[in-house]
1. Between ALA150 and GLU178, 0.36 nm times their residue separation minus their Cα-Cα distance comes to what?
2. State the percentage of accessible surface on region 109-157 attributable to carbon and sulfur atoms; use a 1.4 Å probe and exclude ligands, DNA and RNA.
3. Per residue, what accessible area does region 115-184 have, given a 1.4 Å probe and all protein chains present, in Å²?
4. Report the gain in length on full extension from ALA60 to GLU83: 0.36 nm times residue separation, minus Cα-Cα distance, nm rounded to one decimal.
5. Check which residues have an amide H placed less than 5 Å from GLY123's amide H, if you skip close sequence neighbours.
6. Rounded to the nearest 10 Å², what accessible area does ARG98 show when all protein chains are kept and the probe is 1.4 Å?
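The values are calculated or read from the model by the stated rules, or taken from the named source; none is laboratory data. Quick caveat: nothing in here was measured; it's all calculated off a predicted structure. Quick note on the areas: whole protein, heavy atoms, side chains included, nothing else; ligands and nucleic acids left out. Shrake-Rupley method; radii C 1.70, N 1.55, O 1.52, S 1.80 Å.
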Amino acid sequence: RRARSMIMCVSHMISAALALAAGLSLPVVGRARAFRTPSRPISISNSGAAQRVLVTDGLAPAALDALAAGGADVTSRSLTEDELCAGALAAYDAVIIRSATTLRADALSAGAAGRLRVVGRAGVGVDNIDVAGAHASGVTVVNTPSASTASVVEMTLALLFAAARNLPAADRGLRSGEWLKPPARGSRLGSEL
């Protein structure tokens, strides 16, 4: 289910990027949000060639397959800070990052000197992207703000259940060789709450 959700978010992100590349000013498309659309129109190669997309921090294989099925020439590899600043992004129309890659203004400017027109953040925040630097270079930044919503809700519920049943204390006791069954009973869900 999570892989399907990420594929949908990446698909929406790419759709938003392509809409922006066509000159449309769309601050929100599906689940993807564009940050500070550049003032000059962006254009991704209209030569009929496949759009070159770099994925630097990895995505689920199904997401990579979905991008390729959509006609993108997908490359998945990590880049060092030196490679980014040296213009490695210039060979790609779009780059999709997660939290491991940081894109500074100099890397975005070097990429924009070539083909780079869109940065997609497969995740909630854009704190690892210099959005002002991207804007100044004519690069559109999009993200997937609801990509991790289901995972966050699942984790929150799991932690609430663990707290209600005193599982952290029971775990510590068991690891130290004690069986703390009475304190681990906690509260029952249902009429006792």
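1. Stretched fully, the ALA150-GLU178 segment lengthens by 6.6 nm.
2. 64
3. Ligands and nucleic acids excluded, the result is 53 Å² per residue.
4. 5.9 nm
5. THR144
6. It works out to around 90 Å².
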